[in-house]
Each structure stands twice: as C-alpha cells, then as structure tokens.
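The values are calculated or read from the model by the stated rules, or taken from the named source; none is laboratory data. Owing to the predicted nature of the structure, the values given are computational and were not obtained by experimental measurement. We place every Cβ from the backbone using ideal geometry, glycine too, and count neighbours over all the protein chains shown.
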Amino acid sequence: MGKGGQSRGGGRAPGRVVDESERAVERESRREVTVGDVVELTVSDLPGAGYRWEVPALPPGLAVVEDDWVQPDPPPGVGAGRARVLRIRADRTGEYVVRLELRRPWEAAPARVSEVPVSVTAPAGP
C-alpha cells in the first residue's frame, strides 16, 4: 500500500513482519478514530499488470463505504499505477486490523500484504 492513508490521529512507525506464508507483511501507521469517523486508505493498483489491492474481509465494526479511483491530473502514462481511495467507516469501538492484499485474480497468493491497525474509541461526551 502506498504511503498516504489518512485519518485523524497518528500512531507508531510502520514496520515489517513475516506472516505464516513467509510473505513479508507491511505494517502501516495506526489510525486512531472515533465511532462514525471514516478512515481513508490510498492504495496504488497496477491495472495494466492485473494487480489490484483488495480487502479480503473486514472485522465486524468496520465497513467499506466507498472505493473510488483518484483522477490524476495529468492522467498517468501507459502501464502506470493508478491510485484508489478506500473509505472505511468505524461503526463500533475496538482495536482492529485492516488487511489489504495486492493480487491478481488468477493467482492464489498475494504479491504484497499490508496491515493497517485501527483504534476506534467512543465519541467524547457533551
């Protein structure tokens, strides 16, 4: 996933770990939001090569509310990556991990994996 996922709050520095398939998992910065907020994650697909970032499953408490292409100015050249914004709404308090996989639909294993920790708290009282 490209740098530039946005939301309110900050977090710890990104790092790399290895998952059970020995594929490197990129850890993105923690997003800290309140219930009802939307986390924006910007990813860079490679449509000319067949690669697209996917969210295989979201944990209960989070929901994708929008998945749109970013229209660059000027448009990218042939074979260039194409930016997309995923907007994920936080519906319940909790600690979550959004897993993103860069994959081709005809391949079993993802080419890259990125995980974004999301911390959702209750809104401040009146």
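Restricting to region 73-126, name every residue that is of a type in the set (K, R) and closer than 17 Å to D37 by Cβ. Before you say what the answer is, go through the steps one by one.
Pass one, region 73-126, residues of a type in the set (K, R): 82, 84, 87, 89, 92, 99, 103-104, 112.
If the condition is that a residue be of a type in the set (K, R) and closer than 17 Å to D37 by Cβ, then R87, R89, R92 are the ones that fit.
If we scan region 47-55, do we find a residue that is exposed (fewer than 13 other Cβ atoms within 10 Å of the Cβ), at pLDDT below 95, among the aliphatic types (A, V, I, L, M) and over 23 Å from V113 (Cβ atoms)?
No - not one qualifying residue is present in region 47-55.
Could you identify the single residue in D67, D91 that is modelled with pLDDT of 95 or more and acidic (D, E)? Walk me through how you get there before you give the answer.
Numbers: D67 fails: modelled with pLDDT of 95 or more.
Within the list D67, D91, the selection yields D91.
Those residues that are under 26 Å from E32 (Cα atoms) and surrounded by fewer than 16 Cβ atoms within 10 Å (Cβ to Cβ), I need them from region 59-72; list them, please.
Taking region 59-72 first, the residues under 26 Å from E32 (Cα atoms) are 59-70.
Scanning region 59-72 gives P59, P60, A63, V64, V65, E66, D67, D68, W69, V70.
Do we find a residue being over 23 Å from R27 (Cβ atoms) and touching a Phe, Trp or Tyr at 6+ places or on another chain (Cβ under 9 Å) anywhere in region 84-98?
no
Can you name the residue in region 78-119 that is farther than 17 Å from A57 by Cβ and of a type in the set (A, V, I, L, M, F, W, C) and is also nearest to the chain's Cα centre (by Cα) among such residues?
Top of the filtered list is V85.
May I ask you to say which residue of V64, V33 is closer than 23 Å to A124 by Cβ, not charged (D, E, K, R) and not in a loop (DSSP other than H, G, I, E, B)? Please lay out each step first, then the result.
Values: V64 fails: closer than 23 Å to A124 by Cβ.
Checking each option against the conditions leaves just V33.
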